[in-house]
Amino acid sequence: MFIDSVKLSLASGNGGKGAVSFRREKHVPLGGPDGGDGGRGGDVIIICDNNTHTLMNFKGKKELRAENGAAGSGRNKNGKKGANLELIVPQGTQIIDAKTGEILLDLVKEGQREVFLKGGKGGLGNTHFKNSTNQRPDYAQPGVKGEICEVKLELKLIADVGLVGFPNAGKSTLISVVSNAKPEIANYEFTTLTPKLGLVEVDEYHSFVMADIPGIIEGASGGKGLGLLFLKHIERTNFLLFVLDTMRQMSLKEQFIILKKELKSFSKELSSRSFGVMISKIDSENLGEGFAKELKENIKDLEDFLQNEKPMFILRVSSLDKTGLNELKFKLLEQVKNKN
């Protein structure tokens, strides 16, 4: 199951309390204080791991705590440090303050390891408080309390290319034939319910990561459909590929205008990102002379409109017939390399 947002209460461990103890041994009638220090509480550590792709492990959990430090004991024995709480999260996870919305951590690098909450310091045992005027201190320090933070973990996928299109436009079919991703595909809308990442291998030495998100519908940026939930997953992509559907009962130009509008409503920065246009399902040209003529006019209308939008390329592709796929992969690789 794909989970990309969870709320949690995280807490580091409390420091152990220092011990009040006095040396008691045969032939040592005036033994002094020998209370050991409390152990430090465990830290909360966030680790970024690209072998993890979802926040599923945190589903249903409300509170996670590091271990408390152990109390000190006699004979100057210090308490054991509490075990750290290590949270392994996918690349692209943000740790957000649930109350203020402030981004506290952004985990984007593989192997990134951040101490998020430090454990409380252990209290000093009574041996530290002996002095010339107080030879038998009967008190010690309590441990320092750990830190607590209410957070929201939010995953934003990191990919080189993000697919943008209406439901059933051919995005899932495309990513299934050019990459190692295997999304469920059916001949009806909203079949993609969760984002998918796929590694596209262009040749023996070059590859890039493509992200397929659920289809965007008009009004997605305002909360309609699934698009709003997953638009965030293309925020981190370097390049956008608009997938326009020749079989949709809406002109290619209209599709592009609506998709661009929804992106702009969600994020002006995202809408201004470099993009290419893929006209999908060109195998539908075989449906008849009348349809082929209408489609030709439809494409010409789109190309005229896009002269002002300045796409990096416009390609006609059929994922089913494998038409235009190699050219598309090389065009996308060229844009990815330029961004890097």
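The values are calculated or read from the model by the stated rules, or taken from the named source; none is laboratory data. Keep in mind the model is a prediction, meaning the values are calculated, not measured. Heads up, the Cβs are rebuilt from the backbone with ideal geometry, glycines too, and the neighbour counts pull from every protein chain shown. Protein only, heavy atoms only, side chains kept; ligands, DNA and RNA dropped before computing areas. Shrake-Rupley method; radii C 1.70, N 1.55, O 1.52, S 1.80 Å.
Points to keep in mind about this one:
- Less than 5 angstrom separates the built amide H of S207 from those of V202, all sequence-distant by 5 or more or on a different chain.
- Taking every protein chain into account, the 1.4 Å probe leaves D304 with about 70 Å² of accessible area, to the nearest ten.
- Candidate aspartates and glutamates for bridging to K109, where Cα separation is under 19 Å - those fewer than 8 sequence places away on the same chain excluded: D4, D49, E86, E154, D160, E235
- Sulfur and carbon atoms: percent of accessible area, the chain [1.4 Å]: 48 percent
- Close amide H partners of G143, meaning residues 5 or more places away or on another chain with modelled amide H under 5 Å apart, are K17, G18, G123.
- Among the GluC sites (Glu not before Pro) in the stretch 46-137, those placed in a DSSP loop whose Cβ has at most 13 other Cβ atoms within 10 Å are E102, E110.
- The stretch 10-76 and the stretch 259-327 have Cα centres spaced 60 Å apart.
- For the stretch 1-72, trypsin sites (Lys or Arg not before Pro) meeting the loop criterion (DSSP other than H, G, I, E, B) and having at most 12 other Cβ atoms within 10 Å: R24, K26, K59, K61, K62.
- Expressed to the nearest 5 percent, the antiparallel share of DSSP beta bridges inside the stretch 20-156 is 75 percent.
- Principal semi-axes in Å for the stretch 238-340 [√(5λ), Cα gyration tensor, largest first]: 24, 18, 11
- Extended-chain gain in nm, criterion 0.36 nm per residue less alpha-carbon gap, E269 and D304: 10.1 nm
- For the chain, the solvent-accessible area works out to 52 Å² per residue, with a probe of 1.4 Å and every protein chain left in place.
- With all pairs of different C-alpha atoms in the average, the Kirkwood value for the hydrodynamic radius of the stretch 115-158 is 14.1 Å.
- Enclosed volume per residue, in Å³, of the convex hull spanned by Cα atoms of the chain: 174 Å³
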